[in-house]
1. For Lys285, which lysines qualify as cross-link partners when the Cα separation must be under 25 Å and same-chain residues fewer than eight apart are set aside?
2. Say a paramagnetic label sat at a point 7 Å from the Cα of Ala272, along Cα to Cβ; which residues of region 389-418 have their backbone N under 12 Å from it?
3. Rounded to the nearest 20 debye, what is the charge dipole size of region 336-387 about its Cα centre when +1 sits on each Lys and Arg Cβ and -1 on each Asp and Glu Cβ?
4. How are the alpha carbon pair distances in the chain distributed across 10 Å bins from zero to the largest one, expressed in percent?
5. Viscosity 1.567 mPa s, temperature 4 °C: give me the Stokes-Einstein translational D for region 474-614 in µm²/s, with Rh taken as the Kirkwood radius over C-alpha pairs.
6. If you rank Thr189, Thr20, Thr27 by how much accessible surface each has, with a 1.4 Å probe, what is the order from largest down?
7. Restricting attention to the alpha-carbon atoms of region 19-160, what are Rg (one decimal) and Dmax (integer), both in Å?
8. Using alpha carbon centroids, what distance separates region 515-563 and region 183-199, in Å?
Amino acid sequence: PAITGSTRPTAARTYGELPTVAGEGMTALREWVDEIAALTKPARIHWVDGSRAENDALLREQVEEGKLIKLNPEWRPGSYLARSHPSDVARTEARTFIASEREEDAGPTNNWAAPDEIRATITPLFDGSMTGRTMYVVPFSMGPVGGPLSHIGVQVTDSAYAVTSIGIMTRVGTDVLREIAGGAPWVKTVHSVGAPLAPGQADVAWPCNDEKYIVHFPETLEVWSYGSGYGGNAILAKKCFALRIASVIGRDEGWLAEHMLLIRVIDPAGRAYHIAAAFPSACGKTNLAMLRPTIPGWRVETLGDDIAWIRPGEDGRLWAINPEAGFFGVAPGTGESTNVTAVETLWGNTIFTNVALRPDGDVWWEGLTDEPPAELTDWEGNPWTPASGRPAAHPNSRFTVAAAQCPQIADDWDAPQGVPLDAILFGGRRATNVPLVVEATDWTHGVFMGSNVSSERTAAAEGTVGELRRDPFAMLPFCGYNMADYFGHWLKVGQKLRFDRAPRVFQVNWFRKGTDGRFLWPGFGDNSRVIDWIIRRIEGEVGAVDSPIGRLPHPEDLDLDGIDVPQADLDELFAVDPQLWLQEADLTEEFYRTFEGRVPAPLWAELAALRYRLQRA
Ligand code: GTP
Ligand code: SPV
Ligand code: MN
């Protein structure tokens, strides 16, 4: 049957076209939309078609309503600045729930809620939550529409900011509806900022609610998000779907949904390698994804900067896609000297959130230039000068921009079948202990390494910045099921690979500090020197030094031509202190014990072997 539009609340204003896509699957979608509308009671419904005209209209409207500031097109064409409410600036992990039927399926690292109970809690909040607002229906695809590794979702939201962000971050449009009409399964995601408008009530620039719930129902493939308009709390395709829900689908179907960047590295001989790397939030994924090697002859092509969906292929290799279509990147620290590729990517058509505004109508943030401008308007809209003694941009301020705009994006970045992985990197922000690079001896050891990632907390989520916490596989806030089962799933995926075709696993740490508190490694473009070693390891061109924690480079094998890292710093970068590592091992045991017998035996065996090697060192 042809769709004639929703029967519920009559549109006070009409936008776009009601979808005319026909097919069985559309009935279920329409019924669901009607059901959500009956609950949330919006003033109007807008089916998003993903067209350029629609996007332009939505942006214009947000400017008229004071929700976006149009940047000076002379400097930043097609670009906008959003200022969030000061209380709504990052993911709220304490308000994020996995509502699996059984508590043990969520596991000790997630906040669990009984599905019935949490539905009973949030349903009254959603009741009338869109009053006076437009409810947008956004059909999106993660991965190319119809691709073998792709999955579809629909987000209903009362935030136009979310709609324009999803439009950049995913593939939105009527072709997705056609897939749904044809019977493709889809994930239901519901988002409300939780700020109903009474008749005549003026809206605010960033509506949100002090009460927040980000709730995932892994059994019914649903996400319900209430009260926040920011990032991963509001763009539900990203962390909620592509990681938390997708990790559960992957567990059941035999693949992996990971918090990983994806790159192609091309060496001076023209050989191409594909690397995926998991670093916790604000620990360098976007930067490595856009790497400009400082060693001659090397090139990096960007494939993805935050999420990878990875599947064992029939050839015994792991194949990965980036399911997203854009970057939601950390602004501070992104500059000409650190990530020139990002700076070039942001030339226009970008939505900035919580950065500072220059008097000339362009944006600025800490690290964009060495010297700050003499005067700015800070992220909260207050006058700012370098003497203000506070950052002008919020530490978790972000840019939202299409992947296709990246000057070094791979030509085939959206190839439906993805790319075969040669190496997997695990990293974190560690001032001590973890060396610049260390290679795992085999897949199981690599999984052990991944399960032990710890990292200093960043501004990407609420909490105390700098505090060391366990963040296995950089998935602590994103694994939608029991983390110990997830470790087991990684081991199982490894068994499907041909031993000589499984990616090699490495742990890296760009953030080790000297006793004086300065970074020992220059990082950024110079991380290509570590990549170079990794690839020469893969090719068997260099040996390695066995250490209790894994294989380290022979000092002469790390290409340091053209940089000046003092020998003392290099020694410290690779120092492995058995006593400190034995303490880490104790923490690992403590951590594993929180899973009450669910951590797979091979990982306990790795821990025992590690202790044995450390005690003999
Ligand atoms: P999410 O988007 O939150 O997942 O973050 P991300 O992992 O993509 O981190 P991103 O690349 O945005 O980097 C976060 C911060 O770390 C930025 O301020 C960077 O400047 C800084 N950073 C990235 N790479 C390096 C590095 O090699 N060395 C140092 N010292 N800092 C780095
Ligand atoms: C992260 O925190 O890892 C991000 C930002 O990539 S958000 O989308 O808000 O999760
Ligand atoms: Mn991230």
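1. Lys238, Lys239, Lys513
2. Within reach of a label on Ala272, which here means backbone N under 12 Å from a point 7 Å along Cα→Cβ, region 389-418 contributes 410-415, 418.
3. The dipole magnitude comes to about 140 debye.
4. 3, 17, 27, 27, 17, 7, 2, 0
5. The Stokes-Einstein estimate is 73 µm²/s.
6. Order by accessible area, largest first: Thr20, Thr27, Thr189.
7. For region 19-160, the Cα-based Rg and Dmax read 18.6, 55 Å.
8. 47 Å
The values are calculated or read from the model by the stated rules, or taken from the named source; none is laboratory data. A quick note: this is a predicted structure, and the numbers were derived from the prediction, not measured. We place every Cβ from the backbone using ideal geometry, glycine too, and count neighbours over all the protein chains shown. Heavy atoms of the whole protein, side chains included, go into the accessibility calculation; ligands, DNA and RNA do not. Shrake-Rupley method; radii C 1.70, N 1.55, O 1.52, S 1.80 Å.
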